[in-house]
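Trainee: First the structure, which I've put down as structure tokens, then a few questions once you've had a look.
The values are calculated or read from the model by the stated rules, or taken from the named source; none is laboratory data. Quick caveat, the model's predicted, so the values are computed rather than measured. Cβ sites come from the backbone with ideal geometry, for glycine too, and all protein chains shown count toward neighbours. Heads up: the accessible areas ignore ligands, DNA and RNA and are worked out on the full protein's heavy atoms, side chains in. Shrake-Rupley method; radii C 1.70, N 1.55, O 1.52, S 1.80 Å.
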Amino acid sequence: MRQSSALDILKTGQNVFLTGSAGSGKTYTLNQYIDYLRARRVPVAVTASTGIAATHMNGTTIHSWSGIGIKDELSDRDLTTLSRKQFLADRLKDTAVLVIDEISMLHAKQLNLVSQVLKHVRKNDKAFGGIQVVVAGDFFQLPPIGSKGETNREKFAFMSEAWLDAKFHICYLSEQHRQVSEAANGGLDLDDILNQIRRQEVTFESIAALEATFDQNVDIKRTRLYTHNLNVNSINDKELAALEGEMMRFTATSTGDSKLVETLKKTVRTQDDLVLKVGAKVMFIKNNTELGVSNGTMGELIGFAAVKIDDSKDSSDDLIEDDDDSAESETDKNVKGKGKKAIKEKAKKPTTQKMPVVRLNSGREVIAEPEEWIIEDETGDVLASYEQVPLCLAWAITIHKSQGMTLDAAEIDLSRTFELGQGYVALSRLKSLAGLQLLGMNDMSLQLDPLARGADKRFLVLSEEADANYAMLDEESMTQAHEKFILKSGGTLSKSVIDAYATLQKKRREQQQAQIYKKQKLGNQVSDKSDSTLLATRVLLEESLSIAEISQARQLSQSTIMRHIADLKSQDPSLACDHLRPEDEVMTAVGNAYVAIKVANNPNDFNDDGSIKLRPIFDHLKQSIDYNAIRLALIFITP
């Protein structure tokens, strides 16, 4: 099915499973549909099965959005508790379209829970509470993590009750936008080989073509993909040790619930203790539109630049303690464990730190500054955070960690393949055979899960049927179906509104390009992350965007955006943010609580900078107003 046909089906409001081989344009098609909905003011929730996948879509995890967290089952009491959380209930009730990307990595139990919560909160027994659900992914990717002893039949989302209940229309994309055709040069096309693997009909010619790459000289900047961490760590450690020069150490900081922190660490492709040297081959592990890098962008570390680090955390929230994230020398390490005096002495050190300068494979040079990964609850409060320089050593990485990447060149070893689908995932990262050096294979290397294979055959048939059925509709009937869904979802067909959205999107793209250009200009001057990130938030704020919209545009948590607004407001009292001002009754309640706590003057109620913590205000109001509303009110109350 072509992308245009899939978009036509999506616009009718039917539940859709968008699938296709690697590089077929699933994410691109989703983004096209999301923009279409937002331009018409249809409330759409953009989520993904993992935090890393969510960054690709500028969204959040489905676990956070739905309120299910890390649970595998919900009792009636749990459902009642969730429905009483006003912020969560409003979000679920207001949503007209739910997008879940990388569905292959979402456990069947969790998809059932999402539908269960939506049905309960929306008081609607239809699948997922009656809203349109769009799931996207490829079940030939590696399966979701499950309990010990669970089979893939128990884990795959398409085996869940919610999947059957939803009656998904299947859109199987057939166009290829990653692999480069080599047929014109007389060679075998990598896309053909991948499709043979998908059909489990790999020819001797294809195997010979793969084996022939063993002696192929690929780009020196190649990525090495291995099945086991042991091989990866051994190669990276050996290569790093061979480099001369100063060794710089960057230590991660984490806050919040320990179990949630561990969950974050499993999705973050870095180390608690990151050691780097000039000359190291590195990879970015998080999207950053301001830098113009994405998860999987490769490069070489060429030096360390002095950077002014914004190490101020959300001081208004006493649930999360502050930590300083920096390049940690051996002297810094010795400070640890010597009591509060030593910690205070360290805190007085200048906030200017040396950060890695990376020359990307494209030739651009960027500074890698600390990034934060977070897990939020349904009100936007941070439950756990993990902060580290967003790099990992990348002479070699595991195949598991390569999911979602596009590579120009790779050295791949499949001789110790232990899981069905590993070979397919590894090979599908590449654009062409010209970029492949395959060191070895075993009997399992090109095999796929039989259940996924059977499902894929059925998906192909259903997609062809859907394509044929919708092709019979004339243009007028299709347009009417599209407009009917928009109006049913509370959207608008106003041309002026749609045109205004297009203009805003163009302006945002221009601003992003300006930010990228600014970041590219590296010199001897100190880079001030705080100023640039506040400026980016201010630009969006002046367009009267909501907290949620700014959060999505900036790929930052809502609590971080509110901290930016508080800083901007303190710098400029005339800041254009009145559209965010809470209702008068909220302002009055928070103001009274603020005064009462200030008068009581309990030291435990104040942060080190003299500001009042959120918790005492929240408790004083007997939890009648959520944390985000309190944060916003304080922005307008405090000088």
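Trainee: Taking amide H positions as placed 1.01 Å from N in the peptide plane, with prolines and chain starts having none, which residues 5 or more places from residue 439, or on another chain, fall under 5 Å of its amide H?
Mentor: Distant-sequence amide H within range of residue 439: 412, 413, 414.
Trainee: At 7 Å along the Cα-to-beta-carbon direction for both residue 28 and residue 75, put a label point, then send me their distance in nm to one decimal.
Mentor: My value for the distance between the label points is 5.0 nm.
Trainee: Tally up the carbon and sulfur contribution to the accessible surface of the range 213-273 as a whole percent, 1.4 Å probe, everything protein left in place.
Mentor: Summing carbon and sulfur atoms, their accessible area is 47 percent of the total for the range 213-273.
Trainee: Could you state the number of Å between the C-alpha centres of the range 247-261 and the range 458-495?
Mentor: Going from one Cα centre to the other spans 47 Å.
Trainee: Going by amide H atoms built from the backbone, whose H comes under 5 Å of the H on residue 11, apart from near neighbours?
Mentor: none
Trainee: Here is a further query. I need the peptides 97-103, 466-472, 107-113, 597-603 ranked by packing, meaning the mean over residues of other C-beta atoms within 10 angstrom, with the highest value on top.
Mentor: 97-103, 107-113, 466-472, 597-603
Trainee: Once phi is turned into ³J(HN,Hα) by the Karplus curve 6.51 cos²θ - 1.76 cosθ + 1.60 with θ = phi - 60°, what whole-Hz value does each residue of the range 131-139 show in order, with x for glycine and proline?
Mentor: For the range 131-139, the Karplus curve yields 8, 6, 10, 10, 10, 9, x, 9, 6 Hz.
Trainee: Here's something else I'd like to know. Output wanted: per-residue J couplings in Hz (rounded whole) for the range 165-175, from phi through Karplus 6.51 cos²θ - 1.76 cosθ + 1.60, θ = phi - 60°, x for Gly and Pro.
Mentor: With coefficients 6.51, -1.76 and 1.60, one gets 4, 6, 6, 4, 7, 9, 10, 9, 5, 10, 6 Hz.
Trainee: Of 354/401; 126/259; 148/259; 238/281, which pairs sit farther than 22 Å apart, going by alpha carbon to alpha carbon?
Mentor: 354/401; 126/259
Trainee: How much of the accessible area of the range 539-639, in percent, comes from carbon and sulfur atoms when a 1.4 Å probe is used?
Mentor: Its accessible area is 48 percent carbon and sulfur atoms.
Trainee: If amide H atoms are built 1.01 Å from N in the plane of the peptide, which residues on other chains or at least 5 residues away come under 5 Å of the amide H of residue 67?
Mentor: none
Trainee: Sort the following peptides by mean Cβ neighbour count (other Cβ atoms within 10 Å, averaged over residues), highest first: 392-402, 413-423, 577-587, 484-494.
Mentor: 392-402, 413-423, 484-494, 577-587
Trainee: Mind ordering 79-87, 223-231 by average Cβ neighbours within 10 Å, highest first?
Mentor: Result, highest mean first: 223-231, 79-87.
Trainee: What's the local net charge at residue 146, with K and R +1, D and E -1, over the other residues with C-beta under 11 Å away?
Mentor: +1
Trainee: Once label points are set 7 Å from the Cα along Cα→Cβ at both residue 495 and residue 571, what is their separation, rounded to one decimal in nm?
Mentor: In this crude spin-label approximation the distance works out to 4.1 nm.
Trainee: Another question, then. Give, as ranges by residue number, the residues of the range 427-447 whose backbone N falls under 18 Å from the point 7 Å along Cα→Cβ of residue 361.
Mentor: Under 18 Å, as judged by backbone N against the label point of residue 361, lie 427-439 of the range 427-447.
Trainee: Something else about it: Counting heavy atoms of the protein chains only and a 1.4 Å probe, report the per residue accessible area for the range 1-142 as a whole number of Å².
Mentor: Result: 35 Å² per residue.
Trainee: Which whole-Hz couplings ³J(HN,Hα) result when phi for each residue of the range 632-638 is put into the Karplus expression 6.51 cos²θ - 1.76 cosθ + 1.60, θ = phi - 60°, listed in order with x for Gly and Pro?
Mentor: 4, 4, 4, 4, 8, 8, 6
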